[in-house]
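Take a look at the structure below.
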Amino acid sequence: MKTSTLQRLFLGSVFALIILLLPEVGLAAEYVSVKKDGVNIRSGPNTKSKVIWQVFKSFPLEVLKREGKWANVIDFEGDKGWIYETLISSKKTVIVNVETANMRTGSSKDDPIVATVKKGVVFEPLEMNGDWMKLRYKNEITGWMHKSLLWPTDPL
């Protein structure tokens, strides 16, 4: 069976569209955390670039791209910069992204409050139950928070 020029153009267009959309489909964001306190985030991928802010141990970041041994990252407030890859870990963490949030004994707003936490507190995510995330703080306290109070909302 012969294909017409029009059919080949159509199939070629569909194939090109699929190739263009592949990066958008099915690729989960890469989240990392910082290995130690006082790590510099720089304006460019080298040690000569200006330090634009510093982060603390376990601070979560999303990797936007990599260039050599550097990662271009974004934080929960939308700030972007570069970090040397040996200073990041694949360990998953989340950060409270609202002024105050209640941590509860279970995955419901009706469950008792374990603690009230401030913006910027970092937790280790343990599991998900619908829109709720079970979290641990420094091996001291465990509880649940709604994922809308945290960043990233899909760390696991």
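The values are calculated or read from the model by the stated rules, or taken from the named source; none is laboratory data. Treat the numbers as computed from the prediction; the structure is a model and nothing was measured. Positions of Cβ are backbone-derived with ideal geometry, glycine not excepted, and every protein chain shown enters the neighbour counts.
Listed by position, the strands (runs of 3 or more DSSP E) inside the range 34-86 whose residues that are in contact with a Leu (Cβ under 6 Å, 6 or more places away or on another chain) and in contact (Cβ under 8 Å) with a residue 12 or more places away in the chain number at least 2 are 70-74. Residues that are over 24 Å from residue 62 (Cα atoms) and assigned to a loop (DSSP other than H, G, I, E, B) within the range 103-138 comprise 105, 106, 107, 108, 109, 110, 111, 112, listed in sequence order.
Yes/no per residue for (1) modelled with pLDDT under 90; (2) surrounded by 11 or more Cβ atoms within 10 Å (Cβ to Cβ):
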| residue | (1), (2) |
| --- | --- |
| 3 | yes, no |
| 6 | yes, no |
| 12 | yes, no |
| 15 | yes, no |
| 28 | yes, no |
| 40 | no, yes |
| 48 | no, no |
| 55 | no, yes |
